[in-house]
Amino acid sequence: MPRPKAGDPAPGFSGLTTDDARVSLRDFRGKKLVLYFYPMDDTPGCTAQACSLRDHNQDIKAKGAAILGVSAQDVDSHRKFAAKHKLNFPLLADTDRSVGRAYGTIGGGIGGALRGMLGLAERVTFIIDEKGRVVHVIDSPDTANHAEQVLKLL
């Protein structure tokens, strides 16, 4: 699937999160959503990105947005990652890679196909508005300062 761009409707999704909740895009109607895709739990870049968002989650909430991280690892891996780094937002287990494919973060091009076979999504963040439309796409997140990038766009 091609990657959604600003102005496009956000693709629907559903999945299980670290807090044993089944969530879907519909659950976020009426608030903004910072939907960020990352390659793998507990790697240096992914940890820096998650911790940046964790440290600024209250500021992001104050702007009317929720955070949801997505990668292809299972719920158990996500729970360990979240507990180790005291993440204060849920992570969605995209074990069948359907969410990543819908958002064009898995499977595009030769590199994307290889990452997809390995179960690794590209690092991309989508900011979705209250009506379910993509309003911003961050194609190259600065992992250590990702929350600041997000806050500037909210």
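We did not get these values from a lab; they are worked out from the coordinates using the rules stated. The model shown is predicted, which means the values in this text are computed figures rather than measured ones. Positions of Cβ are generated from backbone atoms using ideal geometry, with glycine treated the same way; all protein chains shown enter the neighbour counts.
Quick notes
- Gaussian network model of the chain, Cα within-10 Å springs - most flexible of Ala82, Ala62, Ala50: Ala62
- Within segment 16-153, antiparallel bridges make up roughly 55 percent of the DSSP beta bridges whose residues both belong there.
- Dipole magnitude for the chain: computed about the Cα centre from +1 point charges on Lys and Arg Cβ and -1 point charges on Asp and Glu Cβ, it is near 340 debye.
- Within the straight-line cut-off of under 26 Å between alpha carbons, the lysines reachable from Lys80 are Lys61, sequence neighbours fewer than 8 places apart in one chain being disregarded.
- As a ratio to 2.2 N^0.38 Å, the alpha-carbon radius of gyration for segment 16-153 is 0.96.
- Residues of type aspartates and glutamates that Lys152 reaches as a straight line, Cα spacing below 14 Å, ignoring anything fewer than 8 places off in the same chain: Asp59, Asp142
- Virtual spin-label span in nm between Asp20 and Asp96, 7 Å along Cα→Cβ: 2.2 nm
- Most tightly packed first, judged by the mean number of other beta-carbon atoms within 10 Å of their residues, the peptides 22-31, 138-147, 123-132 read 123-132, 138-147, 22-31.
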